[in-house]
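Visitor: One structure, pasted below without further comment.
What follows draws every value from the coordinates through simple rules; no lab data is involved. Note that the structure is predicted; figures quoted are calculated from it, not measured. Neighbour counts run over all protein chains shown; Cβ positions are idealised from the backbone, glycine included.
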Amino acid sequence: MKIASVATVRLLLCPLSVEGAERVVAREAGGEDRWAEGYPGDGDVRSATGFLRGVAERGDPGVFRPYEIRVDGVTVGGIGFHGPPDATGVVTVGYGLLPAARGKGYASEALRALLEVARVAGVAGVKGDADLDNAASHRVMEAAGMPCVAVSETLRHFYRAF
């Protein structure tokens, strides 16, 4: 299934294919890959591994997959869905950027674009969470329009309904 890339003002979100996910897991760039120094990070490898497991178990998830975040054609991080919507129509998102790409608003810009993908796909809502001490991630979700809706002993939980 061919899934379109998503362009923002400064970024391109490129859907991860099975082949691309296999390269991420192996941490071995292919001929067309342009990865920034340090990519993929551990979170990117976990996301790609989960994507591959989900494809093997349930088939292609359509738009509900990981995406590479590219700046000027170079991959600097990842963002995506943890899988297809649950029984209530809600999807979970996650993201991460290389340290050199942080603090520039890229994560919030990418998350706003991903929220639009979810909205157009017809989900009921999008949720995410971050460790209590991860203030930067809290700011990302709030800036993208996902307010904090709950706090547990270890996490702040964010949600956007459609």
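Visitor: Determine the sum of side-chain charges near SER137: Lys and Arg each +1, Asp and Glu each -1, restricted to other residues whose C-beta is under 14 angstrom from that of SER137.
Guide: Local net charge: 0.
Visitor: State, as an integer percentage, the relative contact order of the stretch 64-126 based on alpha-carbon contacts under 8 Å between residues 6 or more apart.
Guide: This gives 29 percent for the stretch 64-126.
Visitor: Between ASP60 and HIS157, what length in nm is gained on full extension when 0.36 nm per residue of separation is reduced by their alpha carbon distance?
Guide: Working it through step by step, the gained length comes to 32.2 nm.
Visitor: Once R0 is set to 35 Å, what does the formula 1/(1 + (r/R0)^6) return for the Cβ-Cβ distance between LYS104 and ARG53, expressed as a FRET efficiency to the nearest 0.05?
Guide: Working from the Cβ atoms, E equals 0.65.
Visitor: Another question, then. Go through the stretch 23-79 and name the GluC sites (Glu not before Pro) that are in a DSSP coil and have 16 or fewer other Cβ atoms within 10 Å of their Cβ.
Guide: GLU28, GLU32, GLU37
Visitor: Give me the extension gain from GLU116 to GLU19: residue separation times 0.36 nm, minus the current Cα-Cα distance, reported in nm with one decimal.
Guide: Going from the current span to full extension adds 32.4 nm.
Visitor: State the three equivalent ellipsoid semi-axes of the stretch 71-151, derived from the C-alpha gyration tensor as the square roots of 5 times its eigenvalues, in descending order and whole Å.
Guide: 21, 16, 10
Visitor: Can you compute the modelled spin-label distance between VAL74 and SER5, with each label point 7 Å from Cα toward Cβ, in nm?
Guide: 1.6
Visitor: In square nanometres and to one decimal, what's the mean projected area of the convex hull around the Cα atoms of the chain?
Guide: Averaging across all directions leaves 9.3 nm² for the Cα convex hull.
Visitor: Still on this structure: Would you mind counting up the charge near GLY30? Only other residues with Cβ under 14 Å from its Cβ, with Lys and Arg at +1 and Asp and Glu at -1.
Guide: -3
Visitor: On to the next question. Only helical DSSP H runs with n ≥ 4 go in: add -39500 (n - 2.57) per run for the chain, normalise by residue count and round the 222 nm mean residue ellipticity to 500 deg cm²/dmol.
Guide: -9500 deg cm²/dmol
Visitor: Separate question: For the chain, give the magnitude of the charge dipole about the Cα centre (Cβ charges: +1 Lys/Arg, -1 Asp/Glu; no others), in debye to the nearest 20.
Guide: 400
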